[in-house]
Amino acid sequence: MEESAAKKKLFSAVQPSGSVTIGNYIGAIRNFAKLQDEYECIYAVADLHAITVRQEAAQLRRNTLELMALFIACGINPEKCVLFVQSHVPAHCELTWVLNTIAYPGELSRMTQFKDKSAKHAENVNMGLMDYPVLMASDILLYQAALVPVGADQKQHLELTRDLAIRFNNRYGATFTVPDGYIPKDSGARVMSLADPSKKMSKSDENPNGFVTMSDDKDTVIRKFKRAVTDSDSVIRYAPEEKPGVSNLLTIYHAFTGKSIAEAEKEFEGKGYGDFKLAVGEAVADALAPIQAERAKLLADKAYLNGIMQRGAESAARMARRTLSKVYRKVGFYSGE
Ligand code: TRP
């Protein structure tokens, strides 16, 4: 990997907890590839985070490998970025322990996502779920990342990361870079549920027609778009308040074809919703096909993927170790010197 002092470091991660939707792709993964020339990018498969809710072991292993393959199929170049699996780098857990000693239970129990997940998984409210943001802070701070691309749902966690970095720096002296959020230029592309366009598209939607995953085949994609909720009028116009369903479809069409919203409105002028939905479905399916083919090819060569993961973990561990050694020295751990 090329190391250049001039490039800012950027860190992000995705949990291997099931299917990846086209919303995750447009909102996060696709941008990861676009950022790799401008920044020194470090991307992780966040399996340590995933086990804060119950996972089936074999499935988690499979999801980890599949997410790694998907990252690469979406254009993340392991020669340009550091690409690794979080649990392969022990420093994430080690720094979490130290940061735990400056994190307060009050601030962690106030996190919106902790409250939401506690309500949703009432039978499994565990310490890891509460500590999730401290682990996330460790991910970011270990690499001295200046930038973190995060969606709206992770903003509060990034704020906590900043607080912990500042708190540690104040107590022990300058150690961590205080990171900023990175908002992609085309951040208007928030993909909503096809079944209920007032909600964000989510793989945990009970209605499987609400979301399209990166593994859905052409027929499935088209069927889901055909069923997409629109409205009773029949004009194809971008108006998120008045026409959330149609606007969401226009957003998706724009994201997958690169055509502007205005161009798309023009293209579908005078056409019915049926034709429109079919065209959006086809555009998405056509864009997914090469990614799916590449992902399948990668998954057929596990040795190659294992090699990428191993090299990624080695690079990540080297970078992380530098920060962790500094932290251990600052807090007073004896190292024989
Ligand atoms: N919590 C993030 C999510 O679910 C994933 C994640 C883990 C992450 N560690 C991170 C994102 C560090 C940004 C930076 O979306």
*Restrict the check to the range 44-64 and report whether at least one residue is among the hydroxyl-bearing types (Ser, Thr, Tyr) and within 25 Å of Pro290 (Cβ to Cβ).*
yes
_Restricting the range 25-67 to residues that are hydroxyl-bearing (Ser, Thr, Tyr) and within 12 Å of the chain's Cα centre (by Cα), the residue that is nearest to Gln310 (Cα to Cα)_ = Tyr43
*asked:* Checking Gln113 against (1) buried (at least 19 other Cβ atoms within 10 Å of the Cβ); (2) of a type outside the set (Lys, Arg); (3) closer than 30 Å to Lys8 by Cα, only one condition comes out false. Which one?
replied: (1)
_Filter result for Arg237 (among the charged types (D, E, K, R) and assigned by TED's automatic domain parsing to the domain that holds Val85)_ = no
*Pairs under 7 Å by beta carbon, first residue assigned by TED's automatic domain parsing to the domain that holds Asn100 in the range 136-147, partner modelled with pLDDT under 95 and surrounded by fewer than 24 Cβ atoms within 10 Å (Cβ to Cβ), six or more apart or different chains?*
Leu147/Tyr182
*Can you find even one residue in the range 241-248 that is part of a loop (DSSP other than H, G, I, E, B), away from the ligand (no atom under 14 Å from the Cβ) and not assigned by TED's automatic domain parsing to the domain that holds Leu99?*
yes
*If you go through the range 14-34 one residue at a time, do you hit one that is part of a loop (DSSP other than H, G, I, E, B), more than 15 Å from the ligand (Cβ to nearest atom) and either buried (at least 16 other Cβ atoms within 10 Å of the Cβ) or modelled with pLDDT of 95 or more (or both)?*
no
*Considering residues of the range 39-78 that are among the aliphatic types (A, V, I, L, M) and within 12 Å of the ligand (Cβ to nearest atom) only, the residue surrounded by the fewest Cβ atoms within 10 Å (Cβ to Cβ)*: Val53
*Just need a number here: residues in the range 118-150 that are on the phi < 0 side of the Ramachandran plot, within 14 Å of the ligand (Cβ to nearest atom) and polar (S, T, N, Q).*
1
*Search the range 269-283 for residues that are touching a residue at least 12 places away in the same chain (Cβ under 8 Å) and assigned by TED's automatic domain parsing to the domain that holds Ser234 and pair each with any residue that is of a type in the set (Ser, Thr, Tyr) and surrounded by 15 or more Cβ atoms within 10 Å (Cβ to Cβ) when their beta-carbon atoms are under 8 Å apart and the residues are at least 6 apart or on different chains.*
Tyr273/Thr230; Lys277/Thr230; Ala279/Tyr253; Val280/Tyr253; Ala283/Tyr253; Ala283/Thr257
*asked:* If I ask for residues that are within 12 Å of the ligand (Cβ to nearest atom) and of a type in the set (S, T, N, Q), which ones from the range 151-178 would you list?
replied: Gln154, Gln156, Thr161
*In the list Pro197, Pro184, which residue meets the criterion of being assigned by TED's automatic domain parsing to the domain that holds Leu35, more than 12 Å from the ligand (Cβ to nearest atom) and assigned to a loop (DSSP other than H, G, I, E, B)?*
Pro184
_Verdict on Thr64 being in the same structural domain as Asp153 (by TED's automatic domain parsing), more than 25 Å from Asn31 (Cα to Cα), in contact (Cβ under 8 Å) with a residue 24 or more places away in the chain and assigned to a helix (DSSP H, G or I)_ = no
*Please work out which one of (1) charged (D, E, K, R); (2) free of Cβ contacts under 8 Å to residues at least 60 places away in the same chain; (3) part of a helix (DSSP H, G or I) is the condition Arg295 fails and give its number.*
(2)
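The values are calculated or read from the model by the stated rules, or taken from the named source; none is laboratory data. It should be emphasised that the depicted structure is a prediction, and the values quoted were computed from it without experimental measurement. With ideal geometry, Cβ positions are generated from the backbone for all residues, glycine too; neighbour counts draw on all protein chains shown.
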